[in-house]
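Q: Please find one structure pasted underneath; my questions will follow.
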Amino acid sequence: MHALDRLVEKSTRALAQRTSRRGFLGVLGQALTGSLLLPLLPIDRVNRAEAASPASPAASNAAAAAAAGGSQARNDPQACEYWKYCAIDGFLCSCCGGSSHSCPPGTAASPITWIGTCHNPADGRDYIVSYNDCCGKTSCGNCMCNRNEHEKPMYRLSRNNDVNWCMANSDANYHCSVSVILGLAEQ
Ligand code: ABN
């Protein structure tokens, strides 16, 4: 017989002599009883319950404040979440001495632009928005905002914002970006 077979047989016999069938069944029974009782042990489920329904006033106040903050930002021309900025990419001119739709003094709007369609939560309508870069000064550096809703890849240039649209200006230095409403988007 192969030496390995002999070794396995010997150790199996030694194990069988050392353990009784009753002892084995006892250990098996203990293990089964333990695993059946495990789910009955007290477990702290408070966090999961709170996540499912924020019953505490503090939790619901925090949720309401976050929602209010979000809607406030959608109406703030200096916030990236402002509704008209849905496809903007650049420094907000409203943080650079201009407004959401007008270039700061000393800069000129690019005559070529990219466009987007943004939803106005105030009246529930969609608007076509032109994004113009303001040119003629070095980068403003304030309120960088990059949103890409409905943006198209580079082969649809007029729907892409990753372009310096100051390229057609006599001074092609990019300063900041504005968003100008062109009209209602027809369905
Ligand atoms: N259209 C904003 C912009 C300007 C310069 C470089 C990339 C994007």
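The values are calculated or read from the model by the stated rules, or taken from the named source; none is laboratory data. Given the structure is predicted, the values throughout are model-derived calculations rather than measurements. With ideal geometry, Cβ positions are generated from the backbone for all residues, glycine too; neighbour counts draw on all protein chains shown. Accessible surface areas use protein heavy atoms only, side chains included; no ligands, DNA or RNA. Shrake-Rupley method; radii C 1.70, N 1.55, O 1.52, S 1.80 Å.
Q: Going by what's in this entry, would Asp171 be described as within 11 Å of the ligand (Cβ to nearest atom) and acidic (Asp, Glu)? Show your work before the answer.
A: Numbers: within 11 Å of the ligand (Cβ to nearest atom): no; acidic (Asp, Glu): yes.
For Asp171, the condition - within 11 Å of the ligand (Cβ to nearest atom) and acidic (Asp, Glu) - is not met.
Q: Please determine, by comparing only the residues of the stretch 114-131 that are assigned to a strand (DSSP E or B) and farther than 20 Å from Pro153 by Cβ, which one is nearest to the ligand (Cβ to nearest atom).
A: Step one: filter the stretch 114-131 for residues assigned to a strand (DSSP E or B), giving 114-120, 125-131.
Filter once more, so that each one left must be farther than 20 Å from Pro153 by Cβ: 119-120, 125-127.
Working: His119: 21, Asn120: 22, Arg125: 25, Asp126: 22, Tyr127: 19 Å.
The qualifying residue nearest to the ligand (Cβ to nearest atom) is Tyr127.
Q: Also: Taking only the stretch 99-113 into account, find how many residues are open to solvent by 40 Å² or more (accessible area, probe 1.4 Å), part of a loop (DSSP other than H, G, I, E, B) and in contact (Cβ under 8 Å) with a residue 24 or more places away in the chain.
A: Counting residues in the stretch 99-113 that are open to solvent by 40 Å² or more (accessible area, probe 1.4 Å), part of a loop (DSSP other than H, G, I, E, B) and in contact (Cβ under 8 Å) with a residue 24 or more places away in the chain gives 5.
Q: Right, Gly116: over 19 Å from Met167 (Cβ atoms) and modelled with pLDDT under 95 or not? I'd like the intermediate steps shown before the answer.
A: On the way: over 19 Å from Met167 (Cβ atoms): yes; modelled with pLDDT under 95: yes.
Spelling it out, Gly116 is indeed over 19 Å from Met167 (Cβ atoms) and modelled with pLDDT under 95.
Q: Restrict the check to the stretch 129-146 and report whether at least one residue is of a type in the set (A, V, I, L, M) and closer than 24 Å to Gly70 by Cα. Step through it out loud before you land on a result.
A: We begin by selecting, within the stretch 129-146, every residue of a type in the set (A, V, I, L, M); these are 129, 144.
Then drop every residue that is not closer than 24 Å to Gly70 by Cα, which leaves 129, 144.
Yes, that holds for at least one residue.
Q: Regarding Cys96, is this residue surrounded by 13 or more Cβ atoms within 10 Å (Cβ to Cβ), within 19 Å of Glu149 (Cα to Cα) and modelled with pLDDT of 95 or more? Outline the logic, then answer.
A: Details: surrounded by 13 or more Cβ atoms within 10 Å (Cβ to Cβ): yes; within 19 Å of Glu149 (Cα to Cα): no; modelled with pLDDT of 95 or more: yes.
No.
Q: Out of the residues in the stretch 51-86 that are outside any helix (DSSP H, G or I) and at pLDDT below 95, state the one that is farthest from the ligand (Cβ to nearest atom).
A: Restricting attention to the stretch 51-86, the residues satisfying the condition of being outside any helix (DSSP H, G or I) are 53-56, 75-82, 86.
Now narrow it down to the ones that are at pLDDT below 95: 53-56, 75.
Details: Ser53: 44, Pro54: 40, Ala55: 46, Ser56: 45, Asn75: 23 Å.
For the stretch 51-86, the residue satisfying everything is Ala55.
Q: A further question on this structure: If Tyr155 passes every condition in (1) closer than 22 Å to Thr107 by Cβ; (2) away from the ligand (no atom under 12 Å from the Cβ); (3) part of a loop (DSSP other than H, G, I, E, B); (4) not polar (S, T, N, Q) but one, which one does it miss?
A: (1)
Q: Can you pull out every residue in the stretch 141-177 that is aliphatic (A, V, I, L, M), within 25 Å of Tyr82 (Cα to Cα) and open to solvent by 60 Å² or more (accessible area, probe 1.4 Å)? Before the answer, list the steps.
A: Here is the first cut: in the stretch 141-177, the ones aliphatic (A, V, I, L, M) are 144, 154, 157, 163, 167-168, 172.
If we keep only those that are within 25 Å of Tyr82 (Cα to Cα) as well, we get 144, 154, 157, 163.
Result: Met144, Met154, Leu157.
Q: Quick one: would you say Ala185 is away from the ligand (no atom under 15 Å from the Cβ), more than 24 Å from the chain's Cα centre (by Cα) and at negative phi?
A: When the stated conditions are applied, Ala185 passes them.
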